[in-house]
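Laboratory data are not the source of any read-out in this text; all were calculated from the coordinates shown. Please read all numbers here as calculations on a predicted model, not as lab measurements. Backbone-built Cβ (ideal geometry, glycine too); neighbour counts: all protein chains shown.
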Amino acid sequence: MTIYGHGIRTLGVLGSGQMGLGIAYVAALRAKVPVLLHDRSSAQIQKGLALMDRLLEKDVAKGKIKAEEAKEARDRVSVVPPEKGMSGLQDVDMVIEAVSESLPLKQAIFGSLAADLPPSTILASNTSSISITKIAASTIPEGHSASSKEGLQSPSRVVGLHFFNPVPVMKLVELISGLQTSQETMERAKAFAMACGKEVTSSQDVPGFVSNALLMPFINEAIMCLEKGIATRDDIDKTLKLGMNHPMGPLQLADFIGLDTCLAIQQTLYQGTGDSKYRPSILLERMVDAQWLGKKSGKGFYDYSDA
Ligand SMILES: NC(=O)c1ccc[n+]([C@@H]2O[C@H](COP(=O)([O-])OP(=O)(O)OC[C@H]3O[C@@H](n4cnc5c(N)ncnc54)[C@H](O)[C@@H]3O)[C@@H](O)[C@H]2O)c1
């Protein structure tokens, strides 16, 4: 029986939002692999790199890492600018995709990655809820059937690698196999998550996987409590913090995740199961319509304009 190490000499990270940046951080600092970071927006890349510098400085100041380690980690991260596109990720052994939570967007991206990158490149998604099987199917080369050699091979290197927010702090990665994912892909992805200093659990490829099939309905219920006037924002969060010992209340947590991401996950649960118990809160929909996306946009259930 072959035992696979991760074998990742260079990692590509697609999307430099809060998750992509965090993944680049642990890959460079903990797994010590060179990282190519790409986003469609140069402003986002700059914002991400500035955050990485701050995180490294903080870790040095707290004595968690040496200044030399921080410098080495930072030097491992390079940027593939928007104008270069995803073809700038040609030479990586694995891409971890962390763009916005949208099935059509992820399908288009995985279709392009599969067409542009060598067939041996592992294609991982950090999706919080979307079917890995559907994402994997989008890599079948045009003109080939799913049962052809190419149609079987390409989706077999797609895997779900679900990091948690904030990535440098949270200890878990959830590993998800699509119907088509090969054992080699699973083992290499798991080995990589462990090299990043994470513990790994596995979930079936169901809407939301284990983590968000449990967490997001809870957050959605909390927003419904607020919407119905059952309690104030502060009392809802305080109840869960002081009554259940949660480190933060569900409304604050929703702000940290991003309300657009929360809504997208809840919609995936609702549409993917057809069960009315997952209907997204109307207040959540309205806040996303208003572009009140939580911490990342400066306003959500709380105000972050000074942050
Ligand atoms: N926020 C969380 O707590 C959390 C936790 C686990 C997993 N996730 C998942 O991680 C992914 C990213 O979430 P996030 O919170 O980092 O979102 P975010 O909004 O902070 O960042 C998304 C990034 O994707 C980029 N992007 C969008 N379309 C692109 C494209 N076509 N090409 C290149 N870049 C593109 C945007 O410019 C942005 O920088 C989502 O799938 C989300 O569900 C989020």
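Before moving on, here are some points about what is shown:
- Inter-site label distance for GLN183 and ASP234 at 7 Å from Cα along Cβ, in nm: 5.8
- Listed residue pairs exceeding 18 Å between alpha carbons, taken from LYS62/LYS238; LYS64/LYS171; LYS228/LYS277: LYS62/LYS238
- Whichever lysines have a C-alpha closer than 17 Å to that of LYS66, once near sequence neighbours (fewer than 8 apart) are set aside: LYS32, LYS58
- Couplings 3J(HN,Hα) for segment 286-302, derived from phi with the Karplus relation 6.51 cos²θ - 1.76 cosθ + 1.60 (θ = phi - 60°), are 5, 5, 5, 4, 7, 6, 8, 9, x, 4, 5, 10, x, 8, x, 5, 10 Hz, where x marks Gly and Pro.
- Site pair GLU83 and ARG40 shows an inter-label distance of 1.9 nm when each label is modelled 7 Å from Cα along Cα→Cβ.
- Positive dipole terminus of the chain, leading residue within ALA67, GLY20, MET94 (C-beta point charges): ALA67
- Mean separation of Cα contacts under 8 Å, 6 or more apart, over the residue count of the chain: relative contact order %: 15
- Under 5 Å, built H, 5+ apart or other chain: amide partners of GLY294: LEU259, LYS299, GLY300
- Residue-averaged [θ]222 nm for the chain, counting only DSSP H segments that reach four residues, each worth -39500 (n - 2.57): -13000 deg cm²/dmol
- Only one residue of PRO166, PRO155, SER125 has its Cα farthest out toward the positive end of the dipole of segment 11-203, where Lys and Arg carry +1 and Asp and Glu -1 on Cβ, and that residue is PRO166.
- Those aspartates and glutamates that a straight Cα-Cα span of less than 13 Å connects to LYS198, excepting residues fewer than 8 apart in one chain: GLU174
- Helix 183-195 and the longest principal axis of the Cα set of the chain meet at an angle near 60°.
- Overall shape of segment 8-105 was characterised from the C-alpha gyration tensor. The equivalent ellipsoid obtained from it has semi-axes of 23, 14, 11 Å, in decreasing order.
- Dividing the alpha-carbon radius of gyration of the chain by the rule-of-thumb value 2.2 N^0.38 Å gives 1.00.
- A Cβ-based charge dipole, computed about the Cα centre of the chain with Lys and Arg at +1 and Asp and Glu at -1, lands at about 480 debye.
- Normalised per residue, the volume of the convex hull around the Cα set of segment 235-307 (Å³): 101
- Expressed to the nearest 5 percent, the antiparallel share of DSSP beta bridges inside the chain is 25 percent.
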